[in-house]
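Structure first, then comments.
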Amino acid sequence: MPKKPRTSLSVLAVMAGLGLALPAQAQGVITWGKPAEITGFDVHVAGTVASWEMYQMVYETLLITDDELSLQAGLAESWEEESPTRFIFTLREGAAFSNGRAVDAQDVIGSIERIQNPEIASYWAHQLGEIVSMEALDDRRIVIELARPHATFLPALAHITAAIIPVQEYRDGSFDPAREMLGSGPFMVEQHNQDESWTLTRNPHYGRDGYPRADRMEVAIIPDESARIAALRDGRIDFTTFENPDAPQMLGTAGNIANHPIQTTNYYRFDVNALSEDSAFHDRRVRQAMNLALDRDAINMLVFNGTSAVDYPVPAAFGTDACHDLDTYALPRDERLERARALLEEAGQPSPQVELMASSANQVLGRIAQVAQQSLAEAGFQVTIASVPTAEYLQRVFTDGDFDFSASWLAGYTDPSMVIQWWNPNFAVWNLAFQEEIPELSDALADVRSTPASPERDQALRDICAMIDEGANLLALVSKVDYVAYRSDQIEVRLADRTGSANTWQHIAEFAPAD
Amino acid sequence: MSGFSKAAGRLLRADALTLFGLITLVTLLFLGIFGPWLPLGDPSRIAAGPRLGAPSAQFLFGTDELGRDFMPRVVQGIRSTFLLSAIAVTITAVIGSLLGMAAGYLGRFADQAIARGADILFAFPALVAGLLVAAVMGPGQGSAITVISIATLPLFIRVVRSVTLGIAGRGFVTAAEVAGASTLRIMLVHLLPNVMGAVMVQLTYALSIGMIIESALSFLGLGVQPPDASLGSLLRQGSSYLTIAPWMVLSSGAVLSLAIMSVNLVGDAVRDALEPLKGRPLT
Amino acid sequence: MRLVVYLLPRVLAALVTLFGVSVLVFLSLRLLPGGYADILLGPFVTAEARAIIAQRYGLDQPLVLQYLRWVWAMLGGDFGISMVTQRPVIDELLRRAPVTLQLALIALGVALAVGYPLGVLSGTRAAKTRKGRDFGRVIGAMGASVPDFVLGSVLIFVFSVWSLWFRVGGYVPFSTDPVGNLRTMLLPGFTLSVFGVALILRTTRDAVLRVMTEGHITAAVARGDPPRVIIRRHILRNAAIPVVTVVATYFGFLLGGAVIVEVLFSVPGVGLYIFNGLLNRDYAIVQAGVLLAAVVFISINMLADVLYALIDPRVGATR
């Protein structure tokens, strides 16, 4: 009996030697530590960042955005705006799906038709606007005609949800987008073990010569932040992202780990229920009081250690100054609290009891909720926090409208006129459960959608922002920063300093193992 | 009752380990019960100190990621974890004893139904059941209590049933039946005192299981809601910051383990006192 | 024959239990707030989209019909498909079962290798001291008191700060890379085993203590047999009975999915699959997973009953 442990220990020691001797990295392979598994395979349907990020490895869109968030050629090498309602796209020469077939005009038309098909349940149809006709001029040129000018049409085509799928294979049944992925992007899926790992290999027919630089990409699904930190440290993964602002600090000062915070157009937000009679927030004054009493600076300092910034309905990342001079943002906090108390008094609810809901999947939201709870108490609010599973949060907010207010974050996409459509419940139909319609606001939003970027549009955005603030129905809190970390000794990366929604890995084709 | 006083006597002649458990348990219970009135600081005051500050004279257990003093949070955690488990286990003991006695005494259909019910609860993976209940009822104290009850109910039913089976045929029970006592009266007056010992033993065992379940649920974010703390939710909070603020996990983990251990040790002593095992030397 | 008579009522009872578990898991899943449509579409879910998804997976039909269809399909070997991957749930469960089995075997192996000898030693020592107090109680009390997620968190901390040989996450199958496999599986296995060590130690210790009070031991002692012989010949065999029962229950729990440890260490076993399935409201996964866990749990307990009957012939005879 006493001898056994000793033998097993020596075996362990031998195995340790073997393990350490194994090469850490094979050639041409990069490894991504992905925080969450996809929620479905269908690129036209899934509405979650975890899915979008994976789709970007496999699919391409007609247009893409650059670091300045302006539109660039993607699968379409050029596009022409013949009139505000008529666009001609020319596909890139040599673009091909990973099965070798060239991407043609019919793929574009079929993909957009599929997005617009109500049976598919794609939410993206709203963003594209009303398309009256699509026509192939030849194999590589498509004309798309809109019923009326729609400013988000082009930016919407740059979002991964508008990916171009191989329509011919889809129609003949050899490709089922609901259960597999086949695109013209840099990589193709070789193997997938759900919740565990993916193996992607280079798409041999990818349109850009010499890309992707990596031959293979291993993807490890690691939801736990500490486990991701450990994996990055021991070199098992090359790059990953964190939501926790303290992650860079937790990674330590090791010289081989580089941190790269990416500013996004996304921000953390509160959805406030203006419609439910059961909620104190049914009274607009109570909502306004809450908006005024919130201490956004405290959220930035306490939850994000000062690495984020106060944000506005029109995201600061777009560089407009809309909303900056409103009382909510410009007044000192003492005066805001006074105003808030006065509003509550006026509404006859000096200390309203409200429940703040947050998905338990994201601990950052819980922290925001707790800071908000304390700052709102100063104005008289009695806030309780409910941290619930994601599915429940989504159903109660977006379907049942059974909540007071909830914390989440908003994808800012790539154009300010896109994101503020969230304040128009006729457009953002998923908000119907809790959003009050303000006709002037809806009209102004419809106008701005067809206004190209210009000083006039900036003024319109300012007016809109004031109306949004007045309604206090959806509140912007602070910007969402993606904290990217990578092993500088193992991988060469290219990262933007600023991205639209879920575009963190837009330059993935340029990632390569370090020599 | 003389059995109980004898047992109490044996309990008092406890050894060092039991004494350690007893003192720990009493201390933790004191902190848990009187914590809110002790001058320890406000467990939910944000920015009371620096973010993620290391333990110091001012903040004995350091501060958390929102600059809250962690020590009063741990004390609050003891309170939630103990209180919720104790409530749940007490309720379960009552229900479980009644069901167990009914199964053992009534036999036949009642026995089958209750035994199968207990089997079903037992065969259901405990944590999955917990997650389901917590999700259906909504996270919070109510669902924590329900989950603990569901997980510990079979323990009481099984033990009480087997004890009841052993005494149901005995003379004093038959005598009461002949005298025309009602079923309920027989159960409460004649059977209950005889199963009490077994229930007491199970109670401490269930209490430690209850504390593990409560903290596991809170660890997964489905128990006590913020800013209130339970030992499990503190562990969850701390596990995000293990590498730079290990004091959160270490302090709440140590207190949780100590709490469970003290309950186990006192439970062992109670068991030994009620049903002593007399070993004898081999030589 | 005796075995059949002994087993038949147990098998019937097991079927009733399984039926109960299936109804319970089916109903509670449907009662959960939120569904797969929410998970798939995120905040963009609308009533129309929800209806389309519900129709696609037959979730718009009456509950009774859904339940019967599920059971009927299962009897034909069809355990449903995952809504996330559109692939059969059973394939994924079969792929993951060996992972959970390996984890359970590591935990059980450590628990038995450490817990049983210590339990015997502690039991015989305790009997000698007359007061019945010894080191076994200390280890037993400590082991049973550290929840697996506390120990797991601390281990992750230790092994992520100092890059020692063990690794957190990054599972590889034993068949492709045995060393890499053990590097990732030993830590969670060890974490799970600690409770088992305490459990087996305490059970063995008590069993040994109890056996030593019985008549034939007293007789053997009176005969002057050496303690070694008494332990081997009488005590171990008789003390094994409660240990077998406890080991079976423990193993059953381990196989039912050590959910927290699998989640904590990113071990792609059945527990993690059920956990994610639950979060995603991917009903078929949770239904099949829970039912599988119940079948395994019940079978192992029944096996223990049979073993029990074989070791101790008195059990079967009384019926």
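We did not get these values from a lab; they are worked out from the coordinates using the rules stated. As the structure is a computational prediction, the values presented were derived from the model and not from experiment. Quick reminder, even Gly has a Cβ in these numbers, built from the backbone with ideal geometry, and neighbours come from all protein chains shown.
Only Lys, Arg, Asp and Glu count, each charged at its Cβ (+1, +1, -1, -1), so figure out the dipole size of the protein assembly as shown about its Cα centre, rounded to 20 debye.
8700 debye
Calculate, in nm to one decimal, what A:ASP515 and A:LEU331 gain on full extension: separation in residues at 0.36 nm each, minus their alpha carbon distance.
Residue separation times 0.36 nm, minus the Cα-Cα distance, leaves 60.8 nm.
Any idea what Rg and Dmax come out to for the range A:63-172 if you just take the C-alpha atoms, in Å?
Reported Rg and Dmax, both Å: 13.3, 40.
With axes computed from alpha carbons, what is the tilt in degrees of helix C:270-279 against the longest principal axis of chain C, rounded to the nearest 10 within 0 to 90?
Result, in degrees: 40.
What number, in percent, do you get for the relative contact order of the range C:89-311 if the mean sequence gap of Cα pairs under 8 Å and at least 6 apart is divided by its residue count?
28 percent
Taking the Cβ of A:ALA428 as the centre, find all other residues whose Cβ is under 12 Å away and add up their charges (Lys, Arg: +1; Asp, Glu: -1).
With Lys, Arg at +1 and Asp, Glu at -1, the net is -2.
Under 15 Å from the Cβ of C:ASP38, count the other residues' Cβ atoms, weight Lys and Arg +1, Asp and Glu -1, and hand me the total.
Overall, the nearby charge balance is -1.
Under a crude label model (7 Å from the Cα following the beta-carbon direction), how far is C:VAL221 from B:ALA181 in nanometres?
Simple spin-label model gives 3.9 nm for this pair.
Cα convex hull of the range C:89-311: mean projected area in nm², to one decimal?
Value for the range C:89-311: 14.4 nm².
Filter chain A for me: DSSP H helices, axial length by Cα at least 18 angstrom, mean Kyte-Doolittle hydropathy not below 1.6. List them by residue number.
Sorted by number, there is nothing, because no helix extends far enough and scores high enough.
For A:GLU335, what charge total do you get from the other residues with a beta carbon under 12 Å from its beta carbon, if Lys and Arg give +1 and Asp and Glu give -1?
So the surrounding residues net to +1.
Binning every alpha carbon pair distance of chain B at 10 Å from zero, what are the percents per bin?
The percentages, shortest bin first, are 7, 24, 28, 22, 13, 5, 1, 0.
Looking at the square roots a ≥ b ≥ c of the eigenvalues of the Cα gyration tensor of the range A:180-278, which shape do they give, rounded for a/c under 1.5, prolate if a/b is larger than b/c, or oblate?
It is oblate, given that a/c is not under 1.5 and a/b is not larger than b/c.
Where is the GNM fluctuation largest for chain B (alpha-carbon springs, 10 angstrom cutoff): B:ILE244, B:ILE209, B:ILE145?
Fluctuation is largest for B:ILE244.
Whole percent per 10 Å bin, from 0 to the bin with the longest distance: what is P(r) over all C-alpha pairs of the range B:168-222?
Calculated P(r), rounded to whole percents: 21, 29, 19, 17, 11, 2.
May I ask you to work out the translational diffusion coefficient for the range B:157-256 at 25 °C, viscosity 0.890 mPa s, via Stokes-Einstein with Rh from the Kirkwood sum over Cα pairs, reported in whole µm²/s?
Estimated diffusion coefficient is 146 µm²/s.
What Kirkwood Rh does the protein assembly as shown have if only Cα atoms enter the pairwise 1/r average? Answer in Å.
Result for the protein assembly as shown, one decimal place: 32.0 Å.
Please pull out the direction-averaged projected area of chain A, using the convex hull of its alpha-carbon atoms, in nm² to one decimal place.
Result: a mean projected hull area of 28.2 nm².
Take C:TRP72, C:TRP165 and order them by how many other Cβ atoms sit within 10 Å, fewest up front.
C:TRP72, C:TRP165
So what's the Cα pair-distance distribution over the range A:261-382, bin width 10 Å, in %?
13, 42, 37, 9, 0
So for the range A:266-480, considering every pair of alpha-carbon atoms, how many percent are separated by more than 28 Å?
It works out to 22 percent of all Cα pairs.
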